[in-house]
Amino acid sequence: MNATPSNSPSENVTLDGSDQVAVRQDKLDRMREAGFDPFRANWDQTHVSSEALALLPEEDEGEGGPEVSVAGRIVAFRLMGKASFLKILDRAGKIQSYVRRDEIGEEEYASFKKLDLGDFIGIRGPLFRTKTGEVTIRAKEYKLVSKALRPLPEKWHGLTDNEQIYRQRYLDLVVNDESRNRFQARSRIIREIREFFWSRDFLEVETPMLQSVSGGAAARPFRTHFNALDCEFSLRIALELHLKRLLVGGFDRVFEVGRVFRNEGLSRRHNPEFTMLEAYQAYTDFRGMMELTQSLIQQVAEKALGTLSMERAEGEAIDLSGKWREAKYKDLILEVVGRDDWFEMPKEAKLEKTQAMGIEVDPNLEDFEVTNDVFEKVIEHTLIQPTFVTHIPRELCPLAKITQTDSSTIDVFELCINGQEIAPAYSEQNDPAVQREAFMKQVGEETQELDEDFLIALEHGMPPAGGMGLGIDRLVIFLTGAANIRDTILFPTLRPA
């Protein structure tokens, strides 16, 4: 249908939004006065659009195709005297319908011409192929099932204002195909993540969102008062410590996909509530997690999106196939600073060097934080192809095992793809004394709360294990080519209107 979408002929398309609402409300009032209420309870839907489109063979040029019954929102109209075309949108896409006065009757056709863009209707009839080759339903029956009292955004310009897109996501999903497709892809991605772990005999679990101690990460939590217990609780900042309690309890392979909350900044890559995957497997280490993480992402990309090559607007495509690169954190740092003695230099000398390199670094940072600032500001954004950055400084994470050959680092990798960290993984610390010492140091620096119950759990014995966390939103960003984390979250956090 090469039709310019318009409102029905009975509605002046030059009316502003409030006038259109008044016109539509008047139509609704007239329907009710005539004894018809359009807000029906159901419609006998036999097919969604994609199923219906697949029923008619490519070579079929007749008009005797199978009969279908579909339902959806009107998103395009071409109204004529005795026959009209329209398109409806359902969860699977769009399908065209051809409505003739002679087929449905003069009275029904007169009512049909009073429909508006945005109305929900049900249509029943046989399929046929138009002269242009488009599969179409020849309507034998239609029914208005829900009246839209507000107009949709103007079709050809779509919904382009970011603020409106995020506040009125329901409109974005109606008029922006790219957005609708991205969220459908997100659902497939999460489904394939679960399928992957189930296939490896992992147990999916749920852990508390409300916690008396915020642990597992160095982040500022959201606080709330629990009235029934008259005490303070926090929304969780990580899944880790409760999942590792389950390793203590004998669940050797566990994973969780859940919401996490951090009371920190908003940016293109950060939302205060986000979705995390965390997985823990006994009797393996960070290298076991390396194989698991690569296999997971490759399988998800191939099954959910059908490809291991991700196109990028900036140029170079991301290739997820083959063996992924490994690079030690220290080697990457030495390469960009051009000093073999960087890790022996005092902090003041490092600050002088970063200043000479044009890197703005807060002089109040700890020595290891200065180095990490160099990594985040100079190196990370260059890691476009999948790269496991291994053996990071021990101060950056108290929950991992110390590297036996270098006591200044830990057995950790950070997987970077598309210029950002996607998934960190550890050889988990299971020595309760070493864990307590690391916790006490961070508690002293006020970067993490001490979870005494977790330490008691460790003292009961935790098997050696590897653990991995993966940011679902960041994964969706690079798999779907989104520009902003808000484009991957249906209802991102916004300042109240």
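Could you give the accessible area per residue of the stretch 37-128, probe 1.4 Å, as a whole number in Å²?
That works out to 48 Å² for each residue.
Restricting to Cα pairs below 8 Å that are 6+ residues apart, what does the relative contact order work out to for the stretch 270-348? Please round to a whole percent.
Averaging sequence separation for qualifying contacts and normalising by length gives 14 percent for the stretch 270-348.
Expressed as a rounded percentage, what relative contact order does the chain have, with Cα pairs under 8 Å and six or more residues apart?
Rounded, it is 12 percent for the chain.
Only Lys, Arg, Asp and Glu count, each charged at its Cβ (+1, +1, -1, -1), so figure out the dipole size of the chain about its Cα centre, rounded to 20 debye.
Result for the chain is approximately 2060 debye, rounded to the nearest 20.
With the crude spin-label approximation of a point 7 Å out along Cα→Cβ, what separation in nm comes out for Ser267 versus Asp230?
So the label points at Ser267 and Asp230 sit 4.3 nm apart.
For the pair Ser309 and Arg200, what calculated FRET efficiency results from E = 1/(1 + (r/R0)^6), where r is the Cβ-Cβ distance and R0 = 22 Å, to the nearest 0.05?
Efficiency computed from Cβ-Cβ geometry: 0.30.
Roughly what would the spin-label model give for Glu437 and Val336, points 7 Å off Cα along C-beta, in nm?
3.1
By how many nm would the segment from Arg150 to Ser321 lengthen if fully extended, with 0.36 nm per residue of separation less the alpha-carbon distance?
Using 0.36 nm per residue and subtracting the Cα-Cα distance, I get 56.8 nm.
Can you pull out the chymotrypsin sites (Phe, Trp or Tyr not before Pro) in the stretch 63-171 whose DSSP state is coil and whose Cβ has at most 10 other Cβ atoms within 10 Å?
Trp156
Quick one: check the C-alpha center-to-center distance for the stretch 310-372 versus the stretch 193-245, whole angstrom.
Centre-to-centre (Cα) distance: 32 Å.
Just to check I understand the Karplus step: with θ = phi - 60° and J = 6.51 cos²θ - 1.76 cosθ + 1.60, what whole-Hz values come out for the stretch 237-247, glycine and proline as x?
Result, rounded to whole Hz: 9, 6, 9, 4, 5, 6, 5, 6, 4, 6, 4.
According to the Kirkwood expression over distinct Cα-Cα pairs, how big is the hydrodynamic radius of the stretch 384-433, in Å?
After inverting the mean inverse Cα-Cα distance, the result is 11.3 Å.
Taking a 19 Å limit on the Cα-Cα distance, which of the listed pairs Lys94/Lys114; Lys353/Lys441; Lys94/Lys303; Lys82/Lys113; Lys328/Lys377; Lys82/Lys114 fall beyond it?
Among Lys94/Lys114; Lys353/Lys441; Lys94/Lys303; Lys82/Lys113; Lys328/Lys377; Lys82/Lys114, the Cα-Cα distance tops 19 Å for Lys94/Lys114; Lys353/Lys441; Lys94/Lys303.
When a/c is below 1.5 the answer is rounded, else prolate if a/b is larger than b/c, else oblate, so apply that to the chain with a ≥ b ≥ c taken from the square roots of the Cα gyration tensor eigenvalues.
prolate
How big is the stretch 137-296 by Rg and Dmax over its Cα atoms, in Å?
That works out to 21.6, 65 Å for Rg and Dmax.
Roughly how many Å² is the accessible area per residue of the stretch 196-296, as a whole number, for a 1.4 Å probe?
Counting only protein heavy atoms, the per-residue value for the stretch 196-296 is 46 Å².
Quick check for you: with a 1.4 Å probe and neighbouring chains kept, what is the accessible area per residue of the stretch 348-497, in Å²?
For the stretch 348-497, the per-residue accessible area is 43 Å².
Could you name the aspartates and glutamates whose alpha carbon sits less than 13 Å from that of Lys147, not counting residues in the same chain fewer than 8 places away?
Excluding near neighbours in sequence, the set is Asp26, Asp29, Asp37, Asp116, Asp119.
What's the local net charge at Asn484, with K and R +1, D and E -1, over the other residues with C-beta under 11 Å away?
Once all neighbours under 11 Å are counted, the net charge is +1.
In the chain, carbon and sulfur make up what percent of the accessible area (probe 1.4 Å)?
For the chain, the apolar C and S fraction of the accessible surface comes to 48 percent.
What list of whole percents do you get for P(r) of the stretch 383-490, with Cα-Cα distances grouped in 10 Å bins up to the one holding the largest distance?
14, 35, 30, 18, 2
Based on alpha-carbon centroids, what's the gap between the stretch 464-497 and the stretch 265-283 in Å, whole number please?
Taking the Cα centre of the stretch 265-283 as reference, the centre of the stretch 464-497 is 8 Å away.
Could you order Leu246, Leu475 so the one with the most accessible surface comes first? Probe is 1.4 Å.
Leu246, Leu475
In deg cm²/dmol, rounded to 500, what helix-only [θ] at 222 nm does the chain give when every DSSP H run of at least 4 residues adds -39500 (n - 2.57) and the total is split over its residues?
Result for the chain, helices only: -9000 deg cm²/dmol.
The values are calculated or read from the model by the stated rules, or taken from the named source; none is laboratory data. Keep in mind the model is a prediction, meaning the values are calculated, not measured. Every residue, glycine among them, receives a Cβ derived from its backbone with ideal geometry; neighbour counts consider all protein chains shown. Surface accessibility is based on the protein's heavy atoms, side chains included, excluding ligands, DNA and RNA. Shrake-Rupley method; radii C 1.70, N 1.55, O 1.52, S 1.80 Å.
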